[in-house]
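The next block holds one structure in the form of structure tokens; read it before the comments.
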Number of protein chains: 2
Amino acid sequence: MHTHIVHAHPEPQSYNGALTRTAERALTRNGDTVTVTDLYRTGFDPVEGPRHYSSRTKPDAFAALAEQRHAWTGGTLPEDVAAEIGNLERADLVILQFPLWWHGPPAILKGWMDRVFVNGGLYTSTMRYDTGYFRGRRALVSVTTGAPRAAFVPGGRGGEFGTMLWPVHYSMHYMGFSVLPPFVSYGVQGHGFSYEEESVVAERLKGNLADWHQLLTTVDQAEPLWFPGWADWDADGGPLDRDKACGNAVAAGK
Amino acid sequence: MHTHIVHAHPEPQSYNGALTRTAERALTRNGDTVTVTDLYRTGFDPVEGPRHYSSRTKPDAFAALAEQRHAWTGGTLPEDVAAEIGNLERADLVILQFPLWWHGPPAILKGWMDRVFVNGGLYTSTMRYDTGYFRGRRALVSVTTGAPRAAFVPGGRGGEFGTMLWPVHYSMHYMGFSVLPPFVSYGVQGHGFSYEEESVVAERLKGNLADWHQLLTTVDQAEPLWFPGWADWDADGGPLDRDKACGNAVAAGK
């Protein structure tokens, strides 16, 4: 099994860094292999726009989807995007490792999606969801948050991770990945938001790394989340079975 | 009334551009005022990280929350962040205008949140949600998507906007804004995703601009979405009334 980790944290010595190093150890223990793209270290540019396209199909007005398709077809993809597509193509499992910033991934990881998931190449109107480019591969979100676990329930102060991660999960599903339940590290406390004694925090976070290591040793047996696919939709994209759609779509990730 | 528009599209001649120009016209018709931050035009850097902090409180290991708090207290906020906070402070209404990219805002707008919503200044553990810095002001998301309206229902192919926009809406709620129901422009078709004749599209999108203009002329009467607040939570951040929380949290935005 080969795993590719996309790591999005500005500080290598952070708990996110520890999670990624733990994943590398856990996933290489049997001769399996891991690659890591550290978006901050490589200075990844998350802003999709004209500056990435030297050869333009529509020079007068920038349209991201048209330029992505043109660059894919003409072999003029930006170097960093082409490299990252290669990393994804080699991976059986893709891990997105990030701190929860404003109820989602940091901009540098959002922009990795904006730029790397290339229209006309990695998806088309018929090659997406369960017919997506990366079907048969798995994706796993590992996210840290400063707030305690109790706040992350429906109606709770922090919100509920099924809803919060839906945009990321559904985007991975769109690309064809089977999305595994997320691994959430709670109470990773930054400056000014301490709910516990320092030694309690340290002990808890150490145990959490052990849980993460353990989860990854059996990740090949994990059951993916359910998301709707082509068999669930009518020609307009509406759900054929509204009850199934509602119940499961909202429950996914809980 | 003063409105501040945060505009996140790489192409001025795009439909997003037309929506922002329509909003400017609608919201200045009675001597009211509008400012626009065009994130692409100003080259806004959405990547939160060490390069924005010349005076560091923790020089050895970068912690975003600690550095934001330190910069706020010491008056060393990055210039672009300070300017944008000024724009927000002057606004009764904030409009976020963006195309839906991977089920959320483009990276440049996500990073605007990562950098501008400054810890220790614009929020603290007690100054957030309904006690947030911007309480009494309103926020409104205006988003475009290429897919047709029929696909955007629970379980539908495109997903459901209440869930999709939850992270953005809840982040604005966290900052104290009253969040208005979003304005969604469907079927704004990019290259390779055309479901209709060109003249049909043009006519529909023209009508949509008229709807947007109309909505903005009565925006002061719009009823905000419901999100939970301090009175709804116990000390751990869990919901006091689980049924109310579930029903409304999921329904919000539909």
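The values are calculated or read from the model by the stated rules, or taken from the named source; none is laboratory data. Everything quoted here is computed from the prediction, not taken from an experiment. Note that each Cβ is placed from the backbone with ideal geometry, even for glycine, and that neighbours are counted across all protein chains shown.
Could you list, in sequence order, the residues of segment B:199-240 that are touching a helix residue (DSSP H, G or I) at 6+ places or on another chain (Cβ under 7 Å) and under 30 Å from A:Ala150 (Cα atoms)?
B:Leu225, B:Trp226, B:Phe227, B:Pro228, B:Gly229, B:Trp230, B:Asp232, B:Asp236, B:Gly237, B:Gly238, B:Pro239, B:Leu240
When you go through (1) within 22 Å of the chain's Cα centre (by Cα); (2) part of a loop (DSSP other than H, G, I, E, B); (3) among the basic types (Lys, Arg) one by one for B:Arg56, which number turns out not to apply?
Checking B:Arg56 against (1) within 22 Å of the chain's Cα centre (by Cα); (2) part of a loop (DSSP other than H, G, I, E, B); (3) among the basic types (Lys, Arg), the one that fails is (1).
Those residues that are touching a Gly at 6+ places or on another chain (Cβ under 7 Å) and either within 11 Å of chain B (Cβ to nearest Cβ) or among the charged types (D, E, K, R) (or both), I need them from segment A:27-56; list them, please.
Once the filter is applied, which keeps residues that are touching a Gly at 6+ places or on another chain (Cβ under 7 Å) and either within 11 Å of chain B (Cβ to nearest Cβ) or among the charged types (D, E, K, R) (or both), segment A:27-56 yields A:Tyr40, A:Pro46, A:Val47, A:Glu48.
For segment B:229-244, give me each residue that is outside any helix (DSSP H, G or I) and without any contact (Cβ under 8 Å) to a residue 24 or more places away in the chain.
Once the filter is applied, which keeps residues that are outside any helix (DSSP H, G or I) and without any contact (Cβ under 8 Å) to a residue 24 or more places away in the chain, segment B:229-244 yields B:Trp233, B:Asp234, B:Ala235, B:Asp236, B:Gly237, B:Gly238, B:Pro239, B:Leu240, B:Asp241.
Do we find that A:Asn30 is out of contact with any Lys or Arg (no Cβ under 6 Å at 6 or more places or on another chain), at pLDDT below 95, under 24 Å from A:Gln221 (Cα atoms) and surrounded by fewer than 20 Cβ atoms within 10 Å (Cβ to Cβ) in this structure?
yes
Anything in segment A:113-132 that is in contact (Cβ under 8 Å) with a residue 60 or more places away in the chain, within 22 Å of B:Arg115 (Cβ to Cβ) and facing chain B (nearest Cβ under 8 Å)? List them, or say none.
A:Asp114
Taking interchain pairs and intrachain pairs at least six residues apart, which have beta carbon atoms under 6 angstrom, with the first residue in segment A:1-12 and in contact (Cβ under 8 Å) with a residue 12 or more places away in the chain and the second in a strand (DSSP E or B) and among the charged types (D, E, K, R)?
Filtered contacts from segment A:1-12: A:His7/A:Asp38.
If you check every pair at least six apart or on different chains, which have Cβ atoms under 9 Å apart with a residue in segment B:57-74 that is at the interface with chain A (Cβ under 7 Å from one of its Cβ atoms) and crowded, with 20+ Cβ neighbours inside 10 Å first and a residue that is of a type in the set (A, V, I, L, M) and not in a helix (DSSP H, G or I) second?
These pairs meet every condition: B:Arg69/B:Val118.
Run down A:Gly43, A:Gly17 and say which single residue is surrounded by fewer than 15 Cβ atoms within 10 Å (Cβ to Cβ) and either of a type outside the set (A, V, I, L, M) or in contact (Cβ under 8 Å) with a residue 12 or more places away in the chain (or both).
Criteria check complete, one pass: A:Gly43.
Anything in segment B:144-194 that is at the interface with chain A (Cβ under 7 Å from one of its Cβ atoms), of a type in the set (A, V, I, L, M, F, W, C) and under 15 Å from the mean Cα position of the chain (by Cα)? List them, or say none.
Selection gives B:Met164, B:Trp166.
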